[in-house]
Amino acid sequence: MIGARIREKRKERKLNQEQLAELVGVVRQTVSSWENGNFEPDRKNLAKIALALGTPTGYFLEETDDFAPAPDRVAAAPRLRTFREALDGSLHALTSEDKAAIVEFLRRRMAEEE
């Protein structure tokens, strides 16, 4: 069931398996295996999936069907929306190397916070 929920949220976010894999730091085949129920992500990857898809880990573990954002995230939403709009407008100007550097930076920051 975790795999079905990962697929559902990935499609809602209009991401393909390759894009989710890049955000999580795995290969596309791993995402496919999760979604097909061949195996489940470990806790570390589940946390990364949840972050990438903007959904609490409990949703994937079937602890809750409620994935409404926390109140503190709602308060930050206008600021994040403005940032995201600015970022979306700038993404086309980034080189592949720039994008890879950003992804690597975010991976390191996530690892530091664990």
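The values are calculated or read from the model by the stated rules, or taken from the named source; none is laboratory data. Fair warning: this is a prediction, and the values are worked out from it, not measured in the lab. Counting neighbours? That spans all protein chains shown, and the Cβs are built from the backbone with ideal geometry, glycine included.
With the condition kept exactly as written, say whether any residue in region 21-30 is charged (D, E, K, R), surrounded by fewer than 14 Cβ atoms within 10 Å (Cβ to Cβ) and without any contact (Cβ under 8 Å) to a residue 24 or more places away in the chain.
Within region 21-30, none of the residues are charged (D, E, K, R), surrounded by fewer than 14 Cβ atoms within 10 Å (Cβ to Cβ) and without any contact (Cβ under 8 Å) to a residue 24 or more places away in the chain.
For Gln17, are the conditions met, namely being of a type outside the set (D, E, K, R), modelled with pLDDT of 90 or more and surrounded by fewer than 16 Cβ atoms within 10 Å (Cβ to Cβ)?
Against the criterion (of a type outside the set (D, E, K, R), modelled with pLDDT of 90 or more and surrounded by fewer than 16 Cβ atoms within 10 Å (Cβ to Cβ)), Gln17 does not qualify.
Taking the stated definitions as given, is Glu8 in a helix (DSSP H, G or I), over 14 Å from Tyr59 (Cα atoms) and among the acidic types (Asp, Glu)?
No; evaluated as a whole, the condition is false for this residue.
Quick check: is even one residue across region 30-43 of a type in the set (Lys, Arg) and modelled with pLDDT under 90?
Yes, region 30-43 contains a residue that is of a type in the set (Lys, Arg) and modelled with pLDDT under 90.
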